[in-house]
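Written out below as structure tokens is the structure these notes cover.
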Amino acid sequence: VLRCCCLCSMLTCFLAAVLTRIQLFEFAIMKTPTCFVVVCALLINTATCQEIAADGKDLVITPASGGKVTIMDTKQNTEYDVTEYLDDIPNLSRDVREIQDNVGTNISQLIAMMKALQSSVDRVEEKVDQTKDKIDFDSLASATLPTWVSQTIAVTGRIANDGSQNVIIRGRNFINGVVYQCSFSTVSNGRRYNVASNGSTVDTNNVYCPIPVFPNPSRRWFTYAITLNEMQGSMLALVPFIGLDKESQNIKMIAVGPSIEVPDLNIGLDFAANSYILDLTIDDPDGADAVTVTLATSNIDSSKVTLQGSGTSRGLKLDLRGLDKKKKFSVTINAKDSHDTDSVTVNFEFNELVIDGWTKIAKIRGADGSSDMSMRPAVEVWKYTSELWTTDVLLNEEDTTNAVGNAKYSTFNTQKLSKIKICTGFATGSEKCFIHDFGVQWNSAREMFANCSTSGRPASCLIRDEDKKNNMKVGMSKVFNICGGKSDWTGEVDVCPRDCPLNRPGVGIPKAPGTAAMFGFGLNVVWQDCQLNDDDGAVGLGLKAQEPQGCSCGAGMDPWIIHHQQTFFPNDCRTCVDALVYVQP
């Protein structure tokens, strides 16, 4: 430690001697007084060093012959021989000279950098002077910087939806030649729109902001919030609105002319309907009664189309009697006021899948009471494991007739439903139908069957209501001809099932020990007692039978629930029936 201290003090003293800075001497004495005196004596002279040491220091330095040097600490009465440390002085002197050279070099670099900086400052000042010459300060003489907005003024009357009109932004200190960006924002149909355009300055107090072409399909009064930004290169700086609350920045606007709103531009008509009424909404800035409405028809006699009502809410009534249901037709509604016109064309066609308010979604093939096993592939197209129930796949969609067969229509995937109707006997002229109300609405039959056939099925898939259970028992007995269509089951072998509670009635729920129905319930065999945990067969749509004892019908029942085991014929499909499936929202 002493060696290191001496070297450090020597460097300090040497620099002090060279630069004649007595403050450095004082610093060295304060930090390392012992080593200071040693080095000082070698570099200057003993008398001077002793004088320095006597300056409040209890040190005595004694040079001896032969280069020996000792230091006596009189306060501690201790003598130190420091001769061996003096060999480092030549090397230290060389190090000090190198440091001096480096210090000089660094000072030169610093001076060069300062000169370059001064040159840059001079160039900036020159640019400022040039720019000042281009600004018309006379136009800003009465202004108080910075720029700010004090008022927004919308044009009066109607706003054309063509970008030809302006909102005037009034304020202070707008600069000619500077680009100001006007940003308009509004909310329409739950969606936020932002439209920006570049304004133009007229003088230091006004900016004209072109009103953009705006998304306003209803063409009713609406509000834009406006902000103003100053373009600064590629950056935008917001211009503050001074003294204005948020509402004062809003601009109320409306489009020119009347408007017509209809629920849909393409209407599918009930195949069995005799009339139809299309709801119309007529609106206008001057009031709906100021609008004249006229009709034009195509492929339908104009006498079949009449306009009902007045004011904003009106109706277009169609007389569908006697029309060719294979032809499409259209009606154009024209609305005119003293300023402008609007028109809407609605297309109509009869939809064979919509009858009496019910939409057909599927057609399922049965066996027509035949025991011919060659029909098994056809009657099992809609079985429980078929992808038709849970995917978007369609089947024979073009076959919209009621002839027997298998078909799945797009309505299966798109039509909302809360009720289902199953009809049988249509092929023989003795149609029977069963209607079930689920009590909840699904987005589509595909969604309902897909959700209910998984382990995480919603609770609504299982039917718990006793009235609904009884309705299902009575209805399915009728349409699937269980027990001769009667609901008072007698348990007579080969005729009726045993009169037991329905097992797990609902949608997509597997029945134990291996049967299932996409929509229906399970039952035990007729020769056994009622068992809620033993379903030997199922009734309904999309069945899964205990193979090979029976067919997995698309619609109907598993024959094992009525036949005696001694008379039962394996793989019998006679209880699979033809069915049409409809839904209502």
Original post:
What single numbered condition from (1) surrounded by fewer than 18 Cβ atoms within 10 Å (Cβ to Cβ); (2) under 27 Å from residue 454 (Cβ atoms) fails to hold for residue 327?
Top reply: (2)
Original post:
Mind checking which residues of segment 357-387 are under 20 Å from residue 516 (Cβ atoms) and in a loop (DSSP other than H, G, I, E, B)?
Top reply: 365, 366, 367, 380, 381, 382, 383, 384, 385, 386
**OP:** Quick one: residue 449 ticks every box in (1) open to solvent by 30 Å² or more (accessible area, probe 1.4 Å); (2) over 22 Å from residue 268 (Cα atoms); (3) in a helix (DSSP H, G or I); (4) touching a helix residue (DSSP H, G or I) at 6+ places or on another chain (Cβ under 6 Å) except a single one, so which number is it?
**Re:** (1)
Original post:
Checking residue 466 against (1) open to solvent by 60 Å² or more (accessible area, probe 1.4 Å); (2) more than 17 Å from residue 580 (Cα to Cα); (3) touching a residue at least 40 places away in the same chain (Cβ under 8 Å), which test does it fail?
Top reply: (3)
Original post:
Somewhere in segment 525-536, is a residue within 23 Å of residue 579 (Cβ to Cβ), at pLDDT 80 or above and not in a loop (DSSP other than H, G, I, E, B)?
Top reply: no
**OP:** May I ask you to list pairs of residues, at least six apart or on different chains, whose Cβ atoms are under 6 Å apart, with the first in segment 371-385 being more than 20 Å from residue 540 (Cα to Cα) and the second being of a type outside the set (Lys, Arg) and open to solvent by less than 50 Å² (accessible area, probe 1.4 Å)?
**Re:** 373/571
Subject >> residue 430 closer than 18 Å to residue 576 by Cα, modelled with pLDDT under 95 and part of a loop (DSSP other than H, G, I, E, B) >> reply: yes
Subject >> Residue ID - nearest to residue 320 (Cα to Cα), chosen from residues in segment 261-304 that are more than 40 Å from the chain's Cα centre (by Cα) and of a type in the set (Asp, Glu) >> reply: 301
Original post:
Do you know which residues across segment 308-320 are modelled with pLDDT of 95 or more and open to solvent by 50 Å² or more (accessible area, probe 1.4 Å)?
Top reply: 317
Original post:
List the pairs whose first member sits in segment 169-184 and is surrounded by 18 or more Cβ atoms within 10 Å (Cβ to Cβ), whose second member is at pLDDT 80 or above and charged (D, E, K, R), and whose Cβ atoms are under 6 Å apart, counting only residues at least 6 apart or on separate chains?
Top reply: 180/230
**OP:** Scan segment 268-289 residue by residue and report those that are in a loop (DSSP other than H, G, I, E, B) and closer than 20 Å to residue 345 by Cβ.
**Re:** 284
Subject >> Given (1) assigned to a helix (DSSP H, G or I); (2) modelled with pLDDT under 95; (3) closer than 26 Å to residue 263 by Cα, number of the condition residue 350 does not satisfy >> reply: (1)
Original post:
Within segment 490-502, can you find the residues that are open to solvent by 10 Å² or more (accessible area, probe 1.4 Å), of a type outside the set (Asp, Glu) and at pLDDT below 80?
Top reply: 490, 491, 493, 495, 498
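The values are calculated or read from the model by the stated rules, or taken from the named source; none is laboratory data. Just so you know, these numbers come straight off a predicted model, no measurement behind them. Backbone-built Cβ (ideal geometry, glycine too); neighbour counts: all protein chains shown. Each accessible area value is taken on the protein alone, full model and side chains, heavy atoms only, with ligands, DNA and RNA left out. Shrake-Rupley method; radii C 1.70, N 1.55, O 1.52, S 1.80 Å.
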